[in-house]
1. Given the C-alpha centroids of the range B:96-122 and the range A:1-73, what is the distance between them in whole angstrom?
2. Tell me: how much accessible area in total is hidden between B and A, 1.4 Å probe, Å², nearest 100?
3. Just to be sure I understand the model, the point goes 7 Å from the Cα along the line to the Cβ. What's the resulting B:S37 to A:D245 distance in nm?
4. Roughly how many Å² of B:Y21 are accessible to a 1.4 Å probe, to the nearest 10?
5. For B:Y218, B:Y110, give the ranking by accessible area with the largest first, probe 1.4 Å.
6. Only helical DSSP H runs with n ≥ 4 go in: add -39500 (n - 2.57) per run for chain A, normalise by residue count and round the 222 nm mean residue ellipticity to 500 deg cm²/dmol.
7. About the Cα centre of the protein assembly as shown, how large is the charge dipole given +1 on each Lys and Arg Cβ and -1 on each Asp and Glu Cβ? Please answer in debye to the nearest 20.
8. Using mean Cβ contacts within 10 Å as the protection proxy, how do A:144-157, B:58-71 order, highest first?
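The values are calculated or read from the model by the stated rules, or taken from the named source; none is laboratory data. Keep in mind the model is a prediction, meaning the values are calculated, not measured. Note: ideal-geometry Cβ built from the backbone for every residue, glycine included; neighbour counts use all protein chains shown. What goes into the accessible areas is simple: the full protein's heavy atoms, side chains included, and nothing from ligands, DNA or RNA. Shrake-Rupley method; radii C 1.70, N 1.55, O 1.52, S 1.80 Å.
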Amino acid sequence: MKNGDDMIEIKNVSKWYGDFKVLDDCSAVVSKGEVVVVCGPSGSGKSTLMKTVNGLEPVQQGEIRVADTVVTDRKTRLTALRSRVGMVFQHFELFPHLNVLDNLVLAQTKVLKRPLAEARERAMLLLRRVDMEAFSEKFPGNLSGGQQQRVAVARSLAMDPMVMLFDEPTSALDPEMVGEVLEVMMQLAREGMTMIVVTHEMGFARKVSNRVIFMDRGRIVEDCPKDDFFERRDERSERARDFLDKILQH
Amino acid sequence: MNYSWDWLIFLQPSITGEGAYGYLLLRGLLWTLAISSLSWVLAVAIAAAVGIARTLDFVVLRFLAATYVNIFRNIPLLVQLFLWYFVVPELLPTAWGTAIKRMDPLLNQYFTVVVGLTLYTAAKASEHIRSGIESVSAGQKQAGRSLGLTTAQSYRYVILPQAMRIVIPPMTSDFLNVFKNSSVALTIGLLELAGATYQLSEFSAQPFEFFAAATLIYMMITYTVILLMRAVERCTRIAGSLGAAS
């Protein structure tokens with residue numbers, strides 16, 4: 001470990017699905033408290049890169065480190081790491097057979113071995129934070145997309161993560177619900193959470209992120225402070241400019 | 001057609017002197033229930049283990065489970081029963097084979113049918129369980145893992161509770177098939193419902209009454225199973241989800 005502030009270090013990571021190279025020699029560092037937005041056209045490897053951070057996607061080459069844990073080391077107990085790396089999915093992935101409260105309690109009691117009462121208390125506290133307290137007894141199927149995603153964020157936070165990963169958290173939402181989820185994420189960022197966010201919400205990137213990583217065909221094409229990314233367009237690569245033109249047109 | 005119906009035949013004593021015809025038919029029914037219920041309980045346990053094994057990352061376990069399924073699913077039940085009854089005792093060490101042959105013949109037949117029916121039913125049902133597990137979305141599995149749940153915890157708390165609900169309808173037909181397939185027992189001489197019906201219709205010379213009764217009884221059993229499984233489906237339905245029992 002070189003720098004005490006480094007939370008995540010991705011070093012020369014490559015990954016193949018059969019003959020297809022999904023990640024091509026990717027390297028990046030995320031410091032503690034930093035919010036990094038990853039964007040790029042679909043199929044460029046953004047989600048895959050993010051899922052390598054908690055070992056959901058194994059890699060064939062390179063090294064990944066989260067705090068003191070080397071994710072790519074075969075001897076690493078991934079379950080322990082994953083419990084400290086929160087992840088929010090595009091399709092929420094709340095457990096449909098458990099009510100909201102139990103969704104938040106399950107991993108707290110089974111993975112962190114918290115006593116039930118304490119886990120419930122923590123769950124209610126976080127539900128209050130995402131303004132879902134009144135829905136603790138509801139089942140996910142009875143909630144709107146935005147509500148489900150806020151619960152999903154709370155479920156991750158219940159594990160006291162050191163990092164939060166967001167995989168297109170607003171892409172599956174109806175437009176009028178995007179705001180409420182982004183609001184929760186902004187609040188998290190303000191509180192100093194280290195976050196990697198794969199998203200096409202450039203408004204969020206502009207307002208909240210520190211850095212933007214742009215990917216294309218499995219490579220990290222741009223990795224720069226957000227102001228450079230959005231304001232100094234002439235310094236950007238052609239692919240990035242092309243992408244920004246398309247996405248910012250509307 | 002010149003057939004004289006006699007529905008009171010069930011009350012008359014059998015020509016074998018073992019009791020009334022109705023009583024003998026009832027005895028057949030009890031054998032059917034005894035074979036089917038034990039086979040079903042054992043089959044569900046084996047099917048769950050095999051079905052789960054086929055979805056794990058363990059190559060050896062997966063291979064063994066697949067081999068079992070492919071063998072027992074692809075040989076006709078009747079052939080399997082003959083193998084268990086006539087062939088296997090000869091292949092076992094002599095002492096074991098002799099012990100089996102000296103068993104009470106009725107118990108010997110009963111356990112042979114249970115073994116054959118269980119392994120055949122479990123092979124088919126395990127495929128339903130496997131496809132149920134596979135139909136739980138990849139996102140759910142990732143969500144479980146991303147929270148730090150171990151594989152065993154993921155199965156127990158996330159995957160199986162959802163898969164179980166998915167497999168209720170296909171498992172209902174497996175359950176029905178156990179009752180219907182239990183009739184193969186008659187081929188090795190165990191007079192369960194079908195066997196008893198066949199024999200008693202010969203003895204009494206009133207085949208229509210006996211086959212009518214057997215048909216009704218089989219339909220009553222299977223309809224009871226259907227109602228039972230529907231109730232299970234209703235009770236386990238997840239709030240806010242679409243289900244067949246809604």
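1. 58
2. Heavy-atom accessible area buried at this interface is about 2000 Å².
3. So the two model labels end up 7.6 nm from each other.
4. 10
5. B:Y218, B:Y110
6. It comes out at -11000 deg cm²/dmol, rounded to the nearest 500.
7. With Lys and Arg at +1 and Asp and Glu at -1, about 800 debye.
8. A:144-157, B:58-71
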